[in-house]
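J.: Please see the structure below; I have some questions.
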Amino acid sequence: MNHKENGDDSLQPKTKPSTGIGPHQEMAKLPEAGPEDTSPSVPIAIAKPEAVEAVVEAKEQQVDADGLPSLSVDHEPQTDEAASSVAVKSVSVKKPQSFSGERPLRAIEMALRVLRYQSRRDFLVFGAGALAALAGAGFLLPQGTLSRMGMRRNMDSPGKEWFLNKALRIDDDIAEALYSTNRSVPTYTKSQITSLKNNYNGATPDPGYISGWKLTLDGLASGPSISLDIRNLLTRFSVHEQITRLVCVEGWSAIAWWAGLRFEDLLRAYPPMPQAEWARVESSVNLDASGNPDPYFMSLDLATARHPQTLLATHFNGQPLTVDHGAPLRLLVPVKLGLKNVKAITRITYVAEEPRDYWAERGYSRYDGI
């Protein structure tokens, strides 16, 4: 039943305005423009409370049409006249731009003279930087390489050697900082074993030395040196096995199956002197490329010697070591590069200061951690 059938005409205006505005709107007259107000006055339509209610009801009905739950129930039917008196304008709302959204490029206008000046300046700066980089690279190249490039002037200097040594030391510092007895290198299965080549720096020694081989320990807390043969080592110490990767400084690596006593067990059985922090590991049977004696020596910090994966290896792939792989005893340090893994060890000396190192004296790093 609508309002007319109910006899209720309270929504009908008593008098109809002649302004052409809907029955529920009136014109609000703005004040006269002042001396400084030169903009024309614009009439504003102010809706009556009944019109506001109609707008609210229209919005609620729109929400219901969209399928969302309505906040009000039992709406009274709205008269056609009241509905037609409400003017609804669509409002365009600009959505805020996402922080990560793509933003349009801002056009920048620049005078041609300024653009040419900046381009010329950037080119000169880039050229100067490139020349400085080339000069620096030339300073660091070996003298033989510079000579082949036509630069006969000797570029070697103490400053160049100091800089290169510092650059090498960066890797050592990082490896030393990351070292921990709880940090182990990966281990592998027997199916992952690969071939390991004989990589003596010189000639492979004749196996005749094996029968009279002894390991000499110096710098002990007990005082005098002691000598041990391979039988002493195998009967006194437990043998541990591991399959680890040997990494060579030349760029190749191989996975092998090793067995032997832990270096840490030797340190416990024959403690070094209290002030000792380093071990000098030597091989007197090492030969140079011509087959002449060339004793090999290497420095090893005792912290690395105590690592649980550092072995004095006696076996390789389930068999006693051969001469090719350092019989009868070799050092295996998986957390170091291969040049620290001395073959055919004949002497270990414990010292307080870092000892000489064969390859460090030839320009290589000292710590050689991986």
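The values are calculated or read from the model by the stated rules, or taken from the named source; none is laboratory data. Predicted, not measured: the structure shown is a model, and the values here were computed from it. In this analysis, Cβ positions are derived from the backbone assuming ideal geometry, glycine residues included, and neighbour counts consider all displayed protein chains. Accessible surface areas use protein heavy atoms only, side chains included; no ligands, DNA or RNA. Shrake-Rupley method; radii C 1.70, N 1.55, O 1.52, S 1.80 Å.
J.: Counting just the residues of the stretch 223-248 that are touching a residue at least 60 places away in the same chain (Cβ under 8 Å) and assigned to a helix (DSSP H, G or I), which one comes out most open to solvent (accessible area, probe 1.4 Å)?
T.: Among those residues, the one meeting the criterion is LEU234.
J.: Working carefully through the options PRO328, PRO274, PRO308, find the one that is out of contact with any helix residue (DSSP H, G or I) (no Cβ under 8 Å at 6 or more places or on another chain), on the phi < 0 side of the Ramachandran plot and not in a strand (DSSP E or B). Give the derivation first.
T.: Values: PRO328 fails: out of contact with any helix residue (DSSP H, G or I) (no Cβ under 8 Å at 6 or more places or on another chain); PRO308 fails: out of contact with any helix residue (DSSP H, G or I) (no Cβ under 8 Å at 6 or more places or on another chain).
Answer to the check: PRO274.
Residues checked against (1) more than 22 Å from PRO355 (Cβ to Cβ); (2) surrounded by 15 or more Cβ atoms within 10 Å (Cβ to Cβ); (3) at pLDDT 95 or above:
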| position | (1), (2), (3) |
| --- | --- |
| GLN275 | no, no, yes |
| GLU282 | no, yes, yes |
| VAL285 | no, yes, yes |
| TYR296 | no, yes, yes |
| ASP301 | no, yes, yes |
| HIS325 | yes, yes, yes |
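J.: Would you point out the residue of the stretch 191-202, among those that are open to solvent by less than 60 Å² (accessible area, probe 1.4 Å) and at pLDDT 95 or above, that is farthest from ASP324 (Cα to Cα)?
T.: Selected residue: ILE193.
J.: Let me ask another. Yes or no: the stretch 286-298 includes at least one residue that is within 18 Å of THR181 (Cβ to Cβ) and assigned to a loop (DSSP other than H, G, I, E, B).
T.: From the stretch 286-298, those within 18 Å of THR181 (Cβ to Cβ) are none; that's our starting set.
No: the stretch 286-298 contains no residue that is within 18 Å of THR181 (Cβ to Cβ) and assigned to a loop (DSSP other than H, G, I, E, B).
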